[in-house]
Amino acid sequence: MRNYQELLKYVIDCGTETADRTGVGTISIFGETLRWDLSKGFPATTCKELKFQG
């Protein structure tokens with residue numbers, strides 16, 4: 001989870017702002033990768049609510 005939050009901060013701090021068709025805009029970076037060891041558990045983001053269908 002920490003890797004994800006660090007990547008978000010990096011995108012906000014160092015990303016390139018780009019206009020899009022909606023007029024909202026995006027901030028992006030190129031070539032970043034996140035990896036998790038799934039044997040240690042499922043990497044669900046806990047900074048927002050998740051709903052799983054059962």
Of the residues Thr22, Thr45, only one is loosely packed, with under 10 Cβ neighbours inside 10 Å and outside any helix (DSSP H, G or I); which? Thr22
Just name the residue that is farthest from the chain's Cα centre (by Cα) out of those in the stretch 1-19 that are in a loop (DSSP other than H, G, I, E, B) and surrounded by 10 or more Cβ atoms within 10 Å (Cβ to Cβ). Gly15
Within the group Thr22, Thr46, which residue is at negative phi and more than 13 Å from the chain's Cα centre (by Cα)? Thr22
Six or more apart or on different chains, Cβ under 7 Å: which pairs go from a residue in the stretch 34-52 that's under 19 Å from Val11 (Cβ atoms) to one that's of a type in the set (Phe, Trp, Tyr) and surrounded by 10 or more Cβ atoms within 10 Å (Cβ to Cβ)? Could you list them? Leu34/Tyr4; Pro43/Trp36; Thr45/Tyr4
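Do you know which residues across the stretch 31-42 are of a type outside the set (Val, Ile, Thr) and either outside any helix (DSSP H, G or I) or surrounded by 10 or more Cβ atoms within 10 Å (Cβ to Cβ) (or both)?
Within the stretch 31-42, Gly31, Glu32, Leu34, Arg35, Trp36, Asp37, Gly41, Phe42 meet the criteria.
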Would you mind telling me which numbered condition in (1) loosely packed, with under 10 Cβ neighbours inside 10 Å; (2) of a type in the set (Gly, Ala, Ser); (3) modelled with pLDDT of 85 or more Ser28 fails? (1)
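The values are calculated or read from the model by the stated rules, or taken from the named source; none is laboratory data. The model shown is predicted, which means the values in this text are computed figures rather than measured ones. We place every Cβ from the backbone using ideal geometry, glycine too, and count neighbours over all the protein chains shown.
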